Amino acid sequence: VQLQASGGGLVQAGGSLRLSCVASGRISSINLMGWYRQAPGKQRESVAISTGGTTNYADSVKGRFTISRDIAKNTVYLQMNSLSPEDAAVYYCVCSQRGLMYWGEGTQVTVSS
């Protein structure tokens, strides 16, 4: 399974970005898709996960970020609003299939103050 993320870029504080990620390859039953992020000098953290019809968000993004999926297109989105410099990081798309976790290469999000 390959994951290709897009939509990152530079945005001013308070602005919005929408990330997209498409899964391709040997897809049979993806049961989880989501987003992690890693800022310089920090550990990688879970941002938003969609699995089994439920969604989970990091406390720091609740109310500002929204994850959604288009299951037919094997695509996951992350709508990010009210961005702050603390949200700047490389964002990684993830998915899980048959007990294996797959990672995309990441897309950079930069937020200027």
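Among the residues of the range 4-29, the one identified as aliphatic (A, V, I, L, M), more than 17 Å from the chain's Cα centre (by Cα) and either open to solvent by 60 Å² or more (accessible area, probe 1.4 Å) or under 13 Å from SER112 (Cα atoms) (or both) is ALA13. Going by the conditions given, is ARG69 more than 17 Å from GLY7 (Cβ to Cβ), open to solvent by 40 Å² or more (accessible area, probe 1.4 Å) and of a type in the set (Lys, Arg)? Taking the combined requirement at face value, the residue does not satisfy it.
Scanning the range 78-96 for residues that are open to solvent by 10 Å² or more (accessible area, probe 1.4 Å) and within 22 Å of GLY52 (Cα to Cα) gives GLN79, TYR92, SER96.
Yes/no per residue for (1) farther than 17 Å from GLY7 by Cβ; (2) of a type in the set (Lys, Arg):
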residue	(1), (2)
SER29	yes, no
LYS42	yes, yes
LEU83	no, no
MET101	yes, no
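The values are calculated or read from the model by the stated rules, or taken from the named source; none is laboratory data. If you're wondering where the values come from, they're calculated on a predicted model, not measured in any experiment. Glycine also receives a Cβ, built like all others from the backbone with ideal geometry; neighbour counts cover every protein chain displayed. Note: areas computed on protein heavy atoms with side chains; ligands, DNA, RNA excluded. Shrake-Rupley method; radii C 1.70, N 1.55, O 1.52, S 1.80 Å.
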